[in-house]
1. Going through the range 36-86 one residue at a time, which ones are closer than 22 Å to THR17 by Cα and assigned to a helix (DSSP H, G or I)?
2. Scan the range 30-51 and tell me whether some residue there is among the acidic types (Asp, Glu), farther than 29 Å from ALA138 by Cβ, open to solvent by 20 Å² or more (accessible area, probe 1.4 Å) and at pLDDT below 95.
3. Within the range 62-80, identify whether any single residue is of a type in the set (A, V, I, L, M, F, W, C), over 30 Å from ILE190 (Cα atoms) and touching a helix residue (DSSP H, G or I) at 6+ places or on another chain (Cβ under 6 Å), and answer yes or no.
4. ALA143 versus (1) under 19 Å from the mean Cα position of the chain (by Cα); (2) in contact (Cβ under 8 Å) with a residue 40 or more places away in the chain: which is the lone unmet condition?
5. Restricting to the range 201-255, name every residue that is within 16 Å of THR119 (Cβ to Cβ) and over 20 Å from the mean Cα position of the chain (by Cα).
6. Of the residues that sit in the range 235-246 and are in contact with a Lys or Arg (Cβ under 9 Å, 6 or more places away or on another chain) and part of a loop (DSSP other than H, G, I, E, B), which one is least open to solvent (accessible area, probe 1.4 Å)?
7. Which one is least open to solvent (accessible area, probe 1.4 Å) among residues in the range 188-234 that are out of contact with any helix residue (DSSP H, G or I) (no Cβ under 7 Å at 6 or more places or on another chain) and among the polar types (S, T, N, Q)?
8. Please find, among ILE89, ILE122, the residue that is in a loop (DSSP other than H, G, I, E, B), at pLDDT 95 or above and under 29 Å from VAL223 (Cα atoms).
Amino acid sequence: MKTVVITGSQTGMGWATRKLLERNSVRVIGVSDKGEAEVIADLSTEAGVDSAVAQIEALSKGAIDGVFANAGVDNENAPLVFGLNYFGIVRMLQALQPSLARSGHGRVVVNASNSVVITPGIPLDVVEAMLEDDRDRALTLIAAQAHWTYQVSKVAITRWVRMQAATQPWAGSGISMNVLAPGVVMTQLIEHDMQDPRKAAGIKALPMPLGVTARPEDVAPLVKFLLVDDSRFIVGQYLVLDGGTEAAWRGHETP
């Protein structure tokens, strides 16, 4: 039986993926900051990540087959958003790399966002500071443009995965790591964003070629494919799942 770690396992895409994997005889170690997950930890802090890793290692006996780094948050609290959406993911994945390598066929899926490629003007100097592990500089740079906090965090984690996926510690150790980029998915996060007039206006302005909004259950099959099915040669890719939004806006551009 394969063992997969899912962060943000109790709601939205994490919950839908958990249920699908369990129906397919995969053992799930869920991580959440509250509720009934196997691991309770705050992944926005270094201490919380370290606690989560220790609990995961104990439950898995040091051998895991996959990680769905799904937990995330969207607001203008930069220390929280940067901590959960970028620094926490990087710290957790680096700590779990030996366990993933030990399985011989490790898989990682990081949940990012299609906003990385459909939003113009994202300040890349903040992204660069994050990739250089300069948290203080990143927080200083974002302070005067806090409305970019979420998008910056998602660009940073996307670039980190893209730069790391083909290196010796990851692909060289048999680990296939990729980025999932959903569009609008009807989760608690989107429901919260729809209460913000500025964010709601942006969401409603997005083209929706399929004419419907995705549900978490629409995302889970792709995560399952990347985590446990015959997908090992997909490495370092940014996979957009948004019903055609990105293609409607950027179809004329080189991928």
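1. Of all residues in the range 36-86, those closer than 22 Å to THR17 by Cα come to 36-44, 49, 52-53, 55-57, 59-60, 63-74, 84-86.
Matches in the range 36-86: VAL49, ALA52, VAL53, GLN55, ILE56, GLU57, LEU59, SER60, LEU84, ASN85, TYR86.
2. If we filter the range 30-51 for residues that are among the acidic types (Asp, Glu), which is where we start, we get 33, 36, 38, 42, 46, 50.
Filter once more, so that each one left must be farther than 29 Å from ALA138 by Cβ: 36, 38.
Those left that are additionally open to solvent by 20 Å² or more (accessible area, probe 1.4 Å): 36, 38.
After this cut, where a residue has to be at pLDDT below 95 as well, the list is 36.
Yes - at least one qualifying residue is present in the range 30-51.
3. Residues of the range 62-80 that are of a type in the set (A, V, I, L, M, F, W, C), as a first pass: 63-64, 67-69, 71, 73, 78, 80.
Of the ones still in play, those that are also over 30 Å from ILE190 (Cα atoms) are 63-64.
Imposing the further condition that a residue be touching a helix residue (DSSP H, G or I) at 6+ places or on another chain (Cβ under 6 Å) reduces the set to 63-64.
Yes, because at least one residue in the range 62-80 is of a type in the set (A, V, I, L, M, F, W, C), over 30 Å from ILE190 (Cα atoms) and touching a helix residue (DSSP H, G or I) at 6+ places or on another chain (Cβ under 6 Å).
4. (1)
5. So in the range 201-255, the residues within 16 Å of THR119 (Cβ to Cβ) come out as 201-207, 238, 240, 242, 245-250, 253.
Matches in the range 201-255: ALA201, GLY202, LYS204, ALA205, LEU206, PRO207, ALA247, ALA248, TRP249, ARG250, GLU253.
6. The initial filter retains those residues of the range 235-246 that are in contact with a Lys or Arg (Cβ under 9 Å, 6 or more places away or on another chain), namely 236-238.
Then keep just the ones that are part of a loop (DSSP other than H, G, I, E, B); that gives 236-237.
Details: GLY236: 7, GLN237: 80 Å².
Filtering first and then ranking leaves GLY236.
7. Filtering first and then ranking leaves THR213.
8. Details: ILE89 fails: in a loop (DSSP other than H, G, I, E, B).
The conditions single out ILE122.
The values are calculated or read from the model by the stated rules, or taken from the named source; none is laboratory data. Bear in mind that the values here come from a model prediction, so they are computed numbers and not experimental data. Virtual Cβ from ideal backbone geometry, glycine too; neighbours counted across all protein chains shown. In case anyone asks, the SASA skips ligands and DNA or RNA and just uses the protein heavy atoms, side chains included. Shrake-Rupley method; radii C 1.70, N 1.55, O 1.52, S 1.80 Å.
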